[in-house]
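Here's the structure, in C-alpha cells; my notes come after.
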Amino acid sequence: QVQLVESGGGLVQAGDSLRLSCAASGRSFRRDAMGWFRQAPGKEREFVAAISWTGSTRYADSVKGRFTISRNNAKNTMYLQMNSLKPEDTAVYYCTADGDYSGDDFTGVKFWGQGTQVTVSS
C-alpha cells in the first residue's frame, strides 16, 4: 500500500520559516516527479512546487524565491523549505507523487498525502 505522509506543519508568524517533509512508503518514487499542492480555506487547491526525478524544479509564481523543493531518493523523501512566510501561505499542504511534469506545472498526480496544516499569523 502506497502512503505519502507529510510532517512539519504548524503555526508560525509572518516572516518565519517552516520545513515540510513527505515520507513515501509502499514503493519507490525515485523515477517519478513529486510535488506540493496547497488548499486555503474557501479556495481551490493550487500547485506550489514540483521536482522531477532528475532534480529539476518549478514553482508557482506566488512562492518563487521563498520556497525550495528538494528530494532524497535514497530516503524516498521530499521536502519543502518555506521561508519568509506570509499570511496568504496559510493552507493545508499536500505531498504528491507520480504526475506529469512535462507541462508548466504538475498534473495528473496519482498519489496524494493526507495534508499538513500551515498557519501563518500576521
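The values are calculated or read from the model by the stated rules, or taken from the named source; none is laboratory data. Note that the structure is predicted; figures quoted are calculated from it, not measured. Reconstructed Cβ throughout: ideal geometry from the backbone, glycine too, with neighbour counts over all protein chains shown. The protein model used for the area step is the full one, side chains on, heavy atoms only, and it has no ligands, DNA or RNA in it. Shrake-Rupley method; radii C 1.70, N 1.55, O 1.52, S 1.80 Å.
Check THR68, THR119 and return the single one that is over 18 Å from VAL5 (Cβ atoms), part of a strand (DSSP E or B) and in contact (Cβ under 8 Å) with a residue 40 or more places away in the chain.
Numbers: THR68 fails: in contact (Cβ under 8 Å) with a residue 40 or more places away in the chain.
Exactly one residue qualifies, and that residue is THR119.
If I ask for residues that are outside any loop (DSSP other than H, G, I, E, B), among the polar types (S, T, N, Q) and under 14 Å from the mean Cα position of the chain (by Cα), which ones from the range 73-99 would you list? Full working, then the answer.
At the first step, the residues of the range 73-99 found to be outside any loop (DSSP other than H, G, I, E, B) are 73-75, 77-82, 87-89, 91-97.
From what is left, the residues that are among the polar types (S, T, N, Q) are 73, 77, 81, 96.
THR77, GLN81, THR96 - these are the residues of the range 73-99 that are outside any loop (DSSP other than H, G, I, E, B), among the polar types (S, T, N, Q) and under 14 Å from the mean Cα position of the chain (by Cα).
Return yes or no: is VAL48 open to solvent by 60 Å² or more (accessible area, probe 1.4 Å), within 17 Å of TRP112 (Cβ to Cβ) and in a strand (DSSP E or B)? Step through it out loud before you land on a result.
Working: open to solvent by 60 Å² or more (accessible area, probe 1.4 Å): no; within 17 Å of TRP112 (Cβ to Cβ): yes; in a strand (DSSP E or B): yes.
Criteria not met by VAL48.
Go through (1) modelled with pLDDT of 95 or more; (2) exposed (fewer than 13 other Cβ atoms within 10 Å of the Cβ); (3) under 16 Å from PHE111 (Cβ atoms); (4) not β-branched (Val, Ile, Thr) for SER28 and report which single condition fails.
(1)
Which members of the range 31-40 meet the condition of being surrounded by 15 or more Cβ atoms within 10 Å (Cβ to Cβ) and under 12 Å from the mean Cα position of the chain (by Cα)?
Result: ALA33, MET34, GLY35, TRP36, PHE37, ARG38.
Which of the numbered conditions does ASP98 fail, given that it passes all the others? Conditions: (1) under 29 Å from GLN1 (Cβ atoms); (2) open to solvent by 40 Å² or more (accessible area, probe 1.4 Å); (3) not basic (Lys, Arg).
It is condition (2) that ASP98 fails.
So, in the range 3-22, exactly how many residues are open to solvent by less than 50 Å² (accessible area, probe 1.4 Å), in a strand (DSSP E or B) and touching a Leu at 6+ places or on another chain (Cβ under 9 Å)?
The number of residues fulfilling the criteria is 7.
Considering only the range 105-120, I want to know if a residue exists there that is open to solvent by less than 60 Å² (accessible area, probe 1.4 Å), closer than 11 Å to ALA33 by Cα and hydroxyl-bearing (Ser, Thr, Tyr).
no
Does THR68 fit the bill of being open to solvent by 40 Å² or more (accessible area, probe 1.4 Å), over 15 Å from ALA91 (Cβ atoms) and at pLDDT below 95? Lay out the reasoning, then the answer.
On the way: open to solvent by 40 Å² or more (accessible area, probe 1.4 Å): yes; over 15 Å from ALA91 (Cβ atoms): yes; at pLDDT below 95: no.
Here the answer is no, as THR68 does not meet what is asked.
Scan the range 102-116 for residues that are within 14 Å of the chain's Cα centre (by Cα) and either more than 18 Å from GLN1 (Cα to Cα) or in a loop (DSSP other than H, G, I, E, B) (or both) and report the count. Spell out the reasoning first.
Quick first cut of the range 102-116, residues within 14 Å of the chain's Cα centre (by Cα) only: 105-107, 109, 111-116.
This time we only want the ones that are either more than 18 Å from GLN1 (Cα to Cα) or in a loop (DSSP other than H, G, I, E, B) (or both), so: 105-107, 109, 113-116.
So the count comes out to 8.
Counting only residues that are hydrophobic (A, V, I, L, M, F, W, C) and farther than 13 Å from ARG38 by Cβ, which one in the range 71-95 is least open to solvent (accessible area, probe 1.4 Å)? Break it down into steps so the answer makes sense when it comes.
Restricting attention to the range 71-95, the residues satisfying the condition of being hydrophobic (A, V, I, L, M, F, W, C) are 74, 78, 80, 82, 85, 91-92, 95.
With the extra rule that they be farther than 13 Å from ARG38 by Cβ, the set shrinks to 74, 78.
On the way: ALA74: 102, MET78: 0 Å².
Here the residue is MET78.
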